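Single-structure report; data block below.
Quick note: the coordinates plus some simple rules give every number you see, no bench work behind them. Treat the numbers as computed from the prediction; the structure is a model and nothing was measured. Cβ placement follows ideal geometry from the backbone for every residue including glycine, while neighbour counts extend to all protein chains displayed.
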C-alpha cells in the first residue's frame with residue numbers, strides 16, 4: 001500500500017526565518033509529486049509539480065522553492081518567510097499520465113508570526 | 001489559467017435528502033473534472049471524476065457534465081450526516097500535471 005508522510009505536522013515560525021517542509025511517498029515507483037497551499041478560508045492552489053527526480057516546475061509564484069532530491073521525496077522551502085505564507089501545505093502524488101487521481105497527504109499547518 | 005467557481009458556498013440539507021452542488025469552469029478545453037471531499041484540517045480525498053459529456057454514477061453519487069455550458073454538478077442521494085464536509089471541484093487542463101480548484105461548497109447534513 002502507498003503511504004504519504006508529511007513533516008512537520010505544524011510549525012510556528014517568525015517572519016524572515018527560513019522554512020523547510022518535507023514529504024515522502026512509499027510504495028510507489030516514480031510518482032508525480034505536487035505541493036499545494038491553502039490559506040485559511042482560501043482556495044487550494046497548486047504551487048509546484050515534479051515528474052522526475054531533479055526536475056520541478058513552478059505553477060504559482062509565492063517566493064517559495066521546491067526540490068526533489070530523491071524519487072520518493074519532495075521538499076518545499078524558502079529562505080525568508082512572509083506573513084502571507086501562513087496556511088495549510090499539502091503534498092500530493094499521482095501515477096502516470098492523463099486522467100489520474102491525485103492523493104493528498106495530511107498536510108502541514110504553518111503559522112507565520 | 002483556469003477559473004473554477006462553485007455554488008452554493010454553503011448548503012444545509014436534512015438527512016435523507018438529495019444534495020446538489022454546482023461548478024463552472026472557464027475553458028472548454030479542460031480535460032477532466034474531479035470532485036474531492038475535504039474534512040477540516042485534512043487533505044482532500046477524491047470522490048468521482050468525469051471526462052466526457054453526460055453523466056456518471058457511483059453509489060450515491062451522480063455527476064453531470066455539460067461542456068457546452070462549462071458546467072458540472074454533483075448530486076448526493078440519501079445524504080447522511082457523515083457526508084458533512086467541504087466539497088471541492090477540480091479541473092485539469094491539457095497539462096495534466098496541474099489541477100485548478102474551486103473555493104468549495106460546505107455541506108452540512110442535519111440528522
Legend entry - Order of A:29, A:77, A:94 - criterion: other Cβ atoms within 10 Å of each residue's Cβ, fewest first: A:29, A:77, A:94
Legend entry - Cα centroid separation, segment A:39-56 to segment A:73-113 (Å): 6 Å
Inset, instruction - Report the extension gain between residue A:43 and residue A:95 in nm, rounded to one decimal, defined as 0.36 nm multiplied by the number of residues separating them, less their alpha carbon distance. - result: 16.3 nm
Legend entry - Separation in nanometres of the label points that stand 7 Å from Cα toward Cβ, at residue B:9 and residue A:65: 3.8 nm
Inset, instruction - Please report how far the C-alpha centroid of segment A:1-33 lies from that of segment B:58-100, rounded to the nearest whole angstrom. - result: 27 Å
